[in-house]
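The next block holds one structure in the form of structure tokens; read it before the comments.
No value in this document is a laboratory result; all are computed from the given coordinates. Bear in mind that the values here come from a model prediction, so they are computed numbers and not experimental data. Glycine gets a Cβ as well: all are built from the backbone with ideal geometry, and neighbour counts include every protein chain shown.
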Amino acid sequence: MVRDDSAGRPARLTPARDEDAARAFFPADRVLDALEITRRDGATRRLVVHDPAERALSIEVCRDADGRLTLGLADLETLDQTASLRELARRMAGETDTNRLLELLCDAADRQTGGDGGGVLKAIANEGELVAALGVLAIARGRRFPLSGSLAREVLRTRDIVAIENFSDSRRPLMQVAPDLEIGPMLLAPLIAHDVILGVIVVTRRSGAEPFSSREFARLRVIADYAAVALWKAELLEQAQAADRAKGRFLATVSHELRTPLTALAGYEELLADQVIGPLSEGQRDVLERMRSVTHHLASVIEELLTFSSLDEGRETLRPTDFLAADLVQATAAVIEPLARQKHLAFHVVVPDAAIRMTSDVDKIRQILVNMAGNAVKFTDTGEVRLELSRTNGDVRFTVRDTGIGIAQRDLERLFLPFTQLDTGLTRRHGGTGLGLYISRRIADMLGGRIEVESEPSKGSAFTLVLPADD
């Protein structure tokens, strides 16, 4: 039986044979025909034949640079296994959820070894637990058993494959906690990555079934090697995500705890400033003004941390209203102009004559503009800061330009990473959490817009918030 096979190239080729040897080794007519045609046109051909033992073989007929015909041979079963293992490796590499990865692993191990059930065991203190299972092992999922005297303990000790022909009659610890199991042959292999045992993979067959062969031992070993690396990556990712969530909860808790006494402090400061308690001297008013500035800065930091936590947990919501864009620009200027005046910077507002009406979350847009304009003042020592409003091609553009220190092209994308400052010296000089631009970009995305940046070192920067205009 011979058929054309254009699916792929044999994975393992026999040593090159000359034409006469090829004819003697493969007397099938179709193979001889392929040799003759390849001799004439030089094209490579692939066929599938069955040898006398009915084993499917992949044949490749080709002509080398010297014009000599050569023939390659591969066992199709080996090719199929190689292809399926590659597909398994691809699927595991793309899976980041540990539970789904364990299910995929159980299914793949069961299929590749011709089993009736698969599972993954993990060691927890002095106990083992079947954390994932399917087939005949499914009824034991979640069961814990003593590691002492178990096959899992033997795998952990030897770091090698362990097999048993009749597990149900072995009275091993797992059978004692799951007596309903009806298992004959069992094969276990360690999941080892970076010299750390992450668990044990198990495949089983029903009572009375044939034991696992040496070939199936080898398959399970390969699967375990692939799976261990994928599990290592998935667990590292989950640990990082858990740490990130814990960080967010901590920041939110601390920020809320700080907000209450800060609000009280601001209230007392207002009472003193209004001289409700009594008249103040010039020096006392100066101290209160400094207190107000510090309190305002601390309040801004707390609000940034709370917004960051809210965005990270998906709790931030939009509250759209109708407003005039020019009014929003003027409101932003009222906050930023005093800061620019303190640094002796010129501050200019440019708005078009035609009114631009928008429907969006005005408070969140103001938050972005105050952040961008505040940064412009912070990082500009001489010159000016401009806040410009324009409408082009269906977009409303809020642009903040400055004559400050500028940013190198390679550093532009880092600007929007959380808790990031481009220079630790600048952090010490100017302060800040490094969250402002990260929050601004996230909010801009929520609003259906984006933030564009143009900058050149020593020549200044231009940050533009681009939002969709109303039709």
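Descriptive notes on the structure:
- The convex hull built on the alpha-carbon positions of region 81-235 has an orientation-averaged projected area of 8.0 nm².
- Local net charge near Gly199, Cβ-Cβ under 11 Å (Lys/Arg +1, Asp/Glu -1): -1
- Average Cα contact separation per residue, region 246-312, under 8 Å, 6 or more apart, as relative contact order %: 58 percent
- Counting beta carbons within 10 Å around each of Val466, Val287 and listing the fewest first gives the order Val287, Val466.
- The phi-based Karplus calculation (6.51 cos²θ - 1.76 cosθ + 1.60; θ = phi - 60°) puts the 3J(HN,Hα) values of region 339-353 at 5, 5, 5, 4, 9, 6, 9, 6, 10, 10, 10, 10, 10, x, 5 Hz, whole numbers, x for Gly and Pro.
- Taking Lys and Arg as +1 and Asp and Glu as -1, the other residues whose beta-carbon sits under 12 Å from that of Ala299 total -1.
- Asp244 sits among other residues whose Cβ lies under 14 Å from its own Cβ, and their net charge, with Lys and Arg +1 and Asp and Glu -1, is 0.
- Among the listed pairs Lys343/Lys364; Lys247/Lys364; Lys233/Lys364, those whose Cα-Cα separation exceeds 29 Å are Lys233/Lys364.
- Amide H to amide H distances under 5 Å link Glu127 with Leu147, where only residues 5 or more positions off or on other chains count and H is placed in the peptide plane.
- The peptide list 267-278, 401-412, put in order of mean Cβ contacts within 10 Å with the highest first, becomes 401-412, 267-278.
- Pair Arg171, Arg285: separation of 7 Å Cα→Cβ label points (nm): 9.5 nm
- Mean Cβ count within 10 Å, highest first, over the residues of peptides 390-399, 361-370, 223-232: 223-232, 361-370, 390-399
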